[in-house]
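The values are calculated or read from the model by the stated rules, or taken from the named source; none is laboratory data. As the structure is a prediction and not an experimental result, all values here were calculated from the model. Counting neighbours? That spans all protein chains shown, and the Cβs are built from the backbone with ideal geometry, glycine included.
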Amino acid sequence: MYSKLLQLVASALLVVVALSFQSAHAEPAPQQLVNALATGKLKQKPAQIEALAATKNPAIIPVLQALIEGELFYLKNDGQVVIAPQSGPMIDAATGKPLSGLNKSSLKKIKANNKVRRIARAAIAKLTLQSPVLAERQAAVEALFKAAKPESLSLLLEAQKNETDPQLQTRLAQAIALISLQDKAATAKAQQAAIAQLRSLGGQQALALLQAFTARDDIAPQEKEAATRAVEAIEKSMALWGIGQNVWYGLSLGSVLLLAAIGLAITFGVMGIINMAHGEMVMLGAYTTFVVQEVIRSSFPGVFEYSLAIALPLAFLVAGSVGFAMERGIIRFLYGRPLETLLATWGVSLVLQQAVRSIFGPTNKQVGNPEWMSGAYELGGLMLTANRLWILAFALLVFALLLVVLRRTRFGLQMRAVTQNRRMAASMGIRTPWVDAFTFALGSGIAGIAGVALSQIANVSPNLGQTYIIDSFMVVVFGGVGNLWGTLVGAMTLGVANKFLEPYAGAVLAKILTLVFIILFIQKRPRGLFAQKGRAVEA
Amino acid sequence: MLNPKKFLKAASLSAMLATTLVSGSASAEETIKVGILHSLSGTMAISETTLKDAMLMLIEDQNAKGGLLGKKLEPVVVDPASDWPLFAEKAKELLAVHKVDAVFGNWTSVSRKSVLPVFEELNGILFYPVQYEGEESQRNVFYTGAAPNQQAIPAVDYLLENEEVERWVLAGTDYVYPRTTNKILAAYLKAKGVADEDIMINYTPFGHSDWQTIVSDIKAFGSAGKKTAVVSTINGDANVPFYKELGNQGISAEDIPVVAFSVGEEELAGLDTEPLVGHLAAWNYFQSVETEANYEFIAKWKDFTKDINRVTNDPMEAHYIGFNMWVKAVEKAGSTEVDSVIDALVGVSVPNLSGGYSTMMPNHHITKPVLIGEIQADGQFEIVDQTDGLVAGDAWSDYLPDSAKLISDWRAPLSCGNYNVETKSCGGDS
């Protein structure tokens, strides 16, 4: 029954194809060219797209768009090309009319690779350069800017005449400059304009083009000099921006180190417990984020953008209560015995890792980035990626909050009293065992919320903690045990130093050099950058 | 050369061989033992557990078909726990205690290197299913994974022809496989006329997570007006942050495509594939291969694991080919005796899952097709290119001056894994 219907539709389609074939004699309609997309190998696609683009018929835009998106198919039986979106009805690619009664299994996908998609995008760009919709024009200019091919020059010049949007006007001028500088036939005037334009554009692409231009021997000395000056100017500004970029990378690496280490600054720094399970607290925070996102995905997909905000308090509670249990159950019996504490907490770290491995499996878990944490902002020659920016801000916020808790609250006061002089604090009526437990829980909880942030840039796997434990100790020891400011300065210094070394020494050597530097530094100043002074140190 | 320890081992080995021979022919009730040497715990468990399951499935399947030489096959599974020296101990256990007739195992090159002397001394057979850096050919080892000329070089050729790439970033994790592969690729690219300044080589530590500087370097390198691509031998966990950073810095696969040699279906399962879509991988098999044999294999695998979301991957196919080759060679030799099976294996031809036949070459590598796939949003690959015929694995790369003059042929009378054609002697250039 069904198959009969299908046959009917198919034969109807055949008639349509045949009919349009006839009309194709009069005027080359894209039907034939569209259906050609279903034939031949990938290597023939560029030529087929060029042929389609040559018709200058705007009806081909959705066809090419579908090809780019992987939504272009053809019927297995007669090779007719159809657009089959992920949702919604299928459409006949050539006529744009909806089709019904077709089953996805009777379709075969028309493959595209990166090159085909690039060519299709450029073809669309050429057609939409004069589109009344600003966003379409912007996309078109960007695509042609990227490709910078001489054959689009006349189109761009024409578009420039009609363009009203000032921003797009500059972008067009830049694209034209990029092309005309490569154009052997360009006039001296056009060359000068292009050089000036590229000088103000700056960046690697302009630099490379200008350098290639100065190497040419068919240009007048005047233009050559202007281009050389432009090259120098761009190189100078790029060097400056490069330093700024390195500082930014350093700060963002530093903020990750700070986040990883800040909880340890409490448990190790303030309390003096060598807590090898610190990394696992970070991991627990990351897994909490994963669970929260899973629940949101399955039950409340609407609030996904807020998943991290929801995960934060939960991660604090989860890691904090594990920390609390650890202190009450194990660590309090081991105060004053650092070696045993080290071994015991290391054991706990293995238990936690294996527990997570048994519950969630050994593979990486997928933690999604909310929309506002993806992408990048450009600031002059700087590229600031959104997730790093948020993590830097978040690390500083956590740091500030912790500082307030330590300095301005009753709990912070008790905490400092206990760590500075336990017996005196006890005689003043402070219940020191509980203060110990809550301090450890606080440190662990902070590690947990660090895990929420780190889940955005790292792999969420049972091994997550191990990658950060060494770095965390490094930062706390370098910054000065027992000093929060030391941790901040230490993390940022190490981050920036690492990032300045990396371009010269490579990632592997930079890390080694940083470690060597810390070893030498600790030899010289065993108490770190900001050593604690006074009687408390002796206690 | 003759040290007493080695001598003793050789003696004990021949004694043992004699016993296996005797017991092997003694009764038909006995089983044929197949050793499985894959890590089931530790860092490599993620990848290797799958291969253990695949082997169990293949053995179960063969037993359902009536076993081998009228006997049942019996899998012997050991766990080397991602610990390289333990691999050697477990290999010894398989060969000396369990007396297995063949071993299927290993993933990392360092684990393979650690078991090589064991297989040589105890005269065992090892099938190694993972793509590797080449520069090796051992009498007791059969390499069913890709040599560099069956993966890296065709991938570079694809980029040269289809993407017209002119500048190359060779990015890898800092260990033996990426370093050797990149050395071969750099030599190959230079032979193709690529200038030194158009090749950028970069190494990062294991588990590297802060890719900001490197990605921005790649971006700067790629905006010099020439089409640029990244050839990635980045290993394991470091891949995800790398692709994420590429996405965040606004580099799409259409701008700078990345072709990876260690990213497969298994690695993509359960990952956020959004930033990876359109990037490439080169393998000899993809789950998306459209052949009847492959559909059947996938269905069997999902059935065996009782999980409809399980994926198949390239090293699994390598085991499929290797296992069938061993079965066929044993049938041909009429016994499981190691030396005759080793001789029988060369020239054996079995169907692979991509619609052709793979043959064991005299250098103990096999012939396979090379496929290039683009990563899709669902974690599968869309095959965008395939070599016209099969590519024979080359143990010694022709693009490195030291290994170009070496050939490997384990057939008599040469019987040598590193025959130097210049000095006409076995033993390489040492």
- Might you check whether a residue that is within 27 Å of A:F304 (Cα to Cα), of a type in the set (V, I, T) and in contact (Cβ under 8 Å) with a residue 24 or more places away in the chain occurs anywhere in segment A:337-344? no
- Have a look at A:K149, A:K184, A:K126 and point out the one that is among the charged types (D, E, K, R) and more than 31 Å from the chain's Cα centre (by Cα). A:K184
- Task: Scan segment A:152-169 residue by residue and report those that are within 28 Å of the chain's Cα centre (by Cα) and either surrounded by 14 or more Cβ atoms within 10 Å (Cβ to Cβ) or under 21 Å from A:L207 (Cα atoms) (or both).
- Result: A:L168
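To keep it simple, each residue is scored yes or no on (1) in the same structural domain as A:L172 (by TED's automatic domain parsing); (2) small (G, A, S); (3) free of Cβ contacts under 8 Å to residues at least 40 places away in the same chain.
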site: A:L37; (1), (2), (3): no, no, no
site: A:P62; (1), (2), (3): no, no, yes
site: A:A66; (1), (2), (3): no, yes, yes
site: A:G70; (1), (2), (3): no, yes, no
site: A:L75; (1), (2), (3): no, no, no
site: A:A84; (1), (2), (3): no, yes, yes
site: A:I91; (1), (2), (3): no, no, yes
site: A:S105; (1), (2), (3): no, yes, yes
- Hits in segment B:125-165 (condition: among the polar types (S, T, N, Q) and either within 14 Å of chain A (Cβ to nearest Cβ) or in a strand (DSSP E or B) (or both)): B:N162
- Task: Determine if segment A:117-129 includes at least one residue that is among the small types (G, A, S), part of a helix (DSSP H, G or I) and more than 12 Å from chain B (Cβ to nearest Cβ).
- Result: yes
- Message: Return the residues of segment A:326-381 that are part of a loop (DSSP other than H, G, I, E, B), over 30 Å from A:K236 (Cα atoms) and more than 14 Å from chain B (Cβ to nearest Cβ); say none if nothing qualifies.
- Response: A:I330, A:Y335, A:G336, A:R337
- Could you list all residues from segment B:214-249 that are among the hydrophobic types (A, V, I, L, M, F, W, C) and within 24 Å of A:L207 (Cα to Cα)? B:I214, B:V215, B:I218, B:A220, B:F221, B:A224, B:A229, B:V230, B:L246
- Query: Does segment A:307-325 include one or more residues that are closer than 23 Å to A:T487 by Cα, of a type in the set (S, T, Y) and in a helix (DSSP H, G or I)?
  - Reply: no
- Query: Quick check: is even one residue across segment B:238-261 more than 29 Å from A:Y377 (Cα to Cα) and of a type outside the set (D, E)?
  - Reply: yes
- Hey, B:L51 in contact (Cβ under 8 Å) with a residue 12 or more places away in the chain, within 12 Å of B:V34 (Cα to Cα) and not acidic (D, E) or not: no
- Item | Selection from segment A:231-263 of residues that are β-branched (V, I, T) and free of Cβ contacts under 8 Å to residues at least 24 places away in the same chain | A:I243
